[in-house]
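See below for the structure under consideration.
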Amino acid sequence: MATITQTQSYSRNTSLWENVKAGVRSSGLPWAFIAPSVIVMLLITFVPQLYQILISFQDFQAANLGGRPAAWIGLDNFIKVFTNDLNVPNYNFFPLLGFNIVWTVINVAFHAGIGLMVALALNAEHVIGRRIYRALFVLPWALPGYITALIWNNLWQRNDGGINLLAERINEWFGTSLETRTDWLGQLTPPVDLRGIVPYAIIVVCALVLFWLIRRTMRLGLRNSESGKLDVSRTVWSVGGGILLAGAVLGTLFDLISTGGQASSPIVQLFDRAGAPTLAFYSVLLSNIWLGWPFMMVVATGALQSIPPDLYEAADVDGATKWEQFQKITLPLLRPAMVPAIMLGTVWTFNQFNVIFFITAGGPRGQTDLLVTQSYKLIQQEQLYGTAAAFSIVVFFILLIITLINNQITRATKAYDEA
């Protein structure tokens, strides 16, 4: 104990640099083992990322690929990304971002919901052939994504597509009059236009979240329960989130009143495309739901099988109903597995390139483009390399914010027994 105490005292009394050098000397052999992988990571990951950051401040185009230096333009590329000053067809950043957010939320909700329900159904002992079902259900996720997307592209074709051919057969068999030449991927007229209720939905949703945030802050407080000091993270999220939510509610409400019910604020424009999606959106949505829920089923199945049966037996003895058992046993024990899976699924879905590109290519007229496909088009079609680099950096920070918010709400990175 004396040696340990002396070492800790020495570490506290020496400088940070001395501690670092002492640590490197004591772990020299491990550093020697990991040095090759660190060097490889620097070359294939960090150097390209640093180069991307560099060209995002330059007017880098196809002519500069041969080594000709590009002009330094500072933040102009970032300004063009937000102000739509790119002269690119069908480009509008904020409706594109809103569409991407709605796309992610709907998909992840269906993925997690369907995956959990199927896992619960197959976890029941009386289901015959559970292993066969699980093997069949996992096939969509196990297949390469671009192959699945190309198959769905053929199914949604207007002429001789599988969906329209199925409609023809249904008409023949049952005497119905279903449309057999639906232009699933090219029709521009939205089947449902919800843009009129978007401002009211924003007010209601933001007000409910603000109410929940206030209740949570009153219950937990802004100070750490153990140290009694102000919890910086909780304070930032509670106060900052409350100000933003209150601003969204009041700003949208004032906009509605001042324009006679026709809101036009930036937060409303954010959902301009998502409020009236084309038929192609529903096509790729169905395709991606089919593709994504098996992953959540696999994760939920593994978590369910790790729950001790004794807990349910004890709950039966105590007279707990099946719903109470689901709330008090199943859901809490599923959380450590499902929450990280949902966070991972959020990132995957937000950057879902294969499904969008190989089914609709962002069409019709860019109405199903996501941020990732738009970034690809800025390079492949427009050859605006500097702008595309700035665009990708913006997308990174958007994903970072979404991940931090998700982590703060779900506490996914905290241990099971932490508050």
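Remarks
- Within the stretch 136-158, being farther than 26 Å from Leu122 by Cβ and surrounded by fewer than 15 Cβ atoms within 10 Å (Cβ to Cβ) holds for Tyr146, Leu150, Asn154.
- Exactly one residue among Leu250, Leu244, Leu208 is part of a helix (DSSP H, G or I) and either over 24 Å from the mean Cα position of the chain (by Cα) or crowded, with 16+ Cβ neighbours inside 10 Å (or both), and that residue is Leu250.
- In the stretch 60-96, the qualifying residues are those that are at pLDDT below 90 and among the charged types (D, E, K, R), and the one that is nearest to Ile356 (Cα to Cα) is Asp85.
- Some residue of the stretch 139-151 being hydroxyl-bearing (Ser, Thr, Tyr) and under 30 Å from Val268 (Cα atoms): no
- Candidates are the residues of the stretch 141-164 that are hydrophobic (A, V, I, L, M, F, W, C) and at pLDDT 90 or above; the one that is nearest to the chain's Cα centre (by Cα) is Ala149.
- Members of the stretch 365-381 found to be surrounded by fewer than 18 Cβ atoms within 10 Å (Cβ to Cβ) and in contact (Cβ under 8 Å) with a residue 40 or more places away in the chain, listed by number: Arg365
- Pairs where the first residue, in the stretch 122-145, is assigned by TED's automatic domain parsing to the domain that holds Pro309 and the second is loosely packed, with under 15 Cβ neighbours inside 10 Å and part of a loop (DSSP other than H, G, I, E, B), C-beta under 9 Å, 6+ apart: Arg130/Ala124; Tyr133/Val127
- Where Pro48 falls short, out of the listed (1) closer than 17 Å to Val394 by Cα; (2) of a type outside the set (S, T, N, Q); (3) touching a strand residue (DSSP E or B) at 6+ places or on another chain (Cβ under 9 Å); (4) surrounded by fewer than 11 Cβ atoms within 10 Å (Cβ to Cβ): (3)
- Elements of type helices (runs of 4 or more DSSP H) contained in the stretch 37-131, each with 3 or more residues being within 23 Å of Leu331 (Cβ to Cβ): 93-122
- Test for Arg234: is it without any contact (Cβ under 8 Å) to a residue 60 or more places away in the chain and within 26 Å of the chain's Cα centre (by Cα): yes
- Total residues in the stretch 269-318, condition among the small types (Gly, Ala, Ser), in contact (Cβ under 8 Å) with a residue 24 or more places away in the chain, over 18 Å from Ile359 (Cβ atoms) and not in a loop (DSSP other than H, G, I, E, B): 3
- Taken as a whole, the stretch 154-168 holds at least one residue that is assigned by TED's automatic domain parsing to the domain that holds His111 and under 14 Å from Asn288 (Cα atoms).
The values are calculated or read from the model by the stated rules, or taken from the named source; none is laboratory data. This structure is a prediction, so every number in the text was calculated from the model and none was measured. No Cβ is skipped: glycine too gets one built from the backbone with ideal geometry, and neighbour counts run over all protein chains shown.
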